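Read-outs: derived from the displayed coordinates by stated rules, not from any lab. Bear in mind that the values here come from a model prediction, so they are computed numbers and not experimental data. All Cβ positions, even for glycine, are placed from backbone atoms using ideal geometry, and neighbour counts span all protein chains on display.
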Amino acid sequence: MNSRNKGYRMGSDTGSTTIQDMNFAAETSVAISAVLSENKSHTEGISSQSFGYTLGGQTSPSLGKIDKFAFYTETIATISGTLSKVQMAVGTWNSQYKGYAVGGYDLTAGVTGTGLKDLNEVNFSTDAVALSSSSLVTGRYYACGLSFAYTGYIMGGTDSNAGGPGAGVRYSSVEKMAWSTLAVGAVAATLPIARSDACNLYTGGMP
């Protein structure tokens, strides 16, 4: 998640409550005093202008909590809403009014599970969390989410956990959702290489 002045890395690959900042102007990074409500790995963040939210993650215990982080005070609190499933490795989108957990992996499914098509939305004005009526065309996790003023894009990802994390079929396909209609569909363009676990970048500050 990121504000205009800093980006934040939450948790770790093996599970942690640590929040590490990245000061864009100074290009320095430190662990801040605020911590997550529980150990998290493979968690993702969404951002409004004033707050960031952690979505999903493999936690101890796996409760699916969503932590809300105030950028200006660097304080954190848990909101009452949770994702529709106990899930990790979601992609993320940000519109002006809502953030989305896109796809992901249901931790209760073990190695037999597949990538989810679910779109969970967080209303930035009310902190309400709901399962969207829209869904992805192809279930996927470890996918990369990108957000534009009018549209969110999800790229790549993998289909299943069989054989170990990220060991399933990797995708090169790209899907998008229009904020105004919530319509989801595949786009003609594809990634040059099928991949999962990619990172995302934003330009122009917050949407």
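For this structure, a couple of remarks:
- Spin-label pair Ser135-Ser12: with each label point 7 Å from Cα along the Cα-Cβ axis, the two points sit 3.7 nm from one another.
- With the simple model of a label 7 Å out from the Cα in the direction of the Cβ, Ser37 to Ser180 spans 3.6 nm.
- Centre separation in Å (Cα based) which lies between region 113-144 and region 27-57: 19 Å
- Virtual paramagnetic centre 7 Å along Cα→Cβ of Lys117, amide N under 13 Å, in region 129-163: 133-140
- Cα-only Debye scattering, the chain: base-10 log of I(q)/I(0) at q = 0.18 Å⁻¹: -1.31
- Available extension along the chain between Thr82 and Ala149 is 21.5 nm, counting 0.36 nm per residue and deducting the alpha carbon span.
- Extreme residue, positive dipole direction of region 6-186, given options Tyr8, Leu36, Ala130 (C-beta unit charges): Ala130
- Contact order relative to length of the chain, as percent, for alpha carbon pairs under 8 angstrom and 6 or more apart: 13 percent
- Within the listed set Asp127, Asp106, Asp13, the Gaussian network model of the chain (springs between alpha-carbon atoms below 10 Å) gives the highest mean-square fluctuation for Asp13.
- Bridgeable lysines around Lys65 (alpha carbons under 18 Å apart, same-chain partners fewer than 8 residues away excluded): Lys40, Lys85, Lys98.
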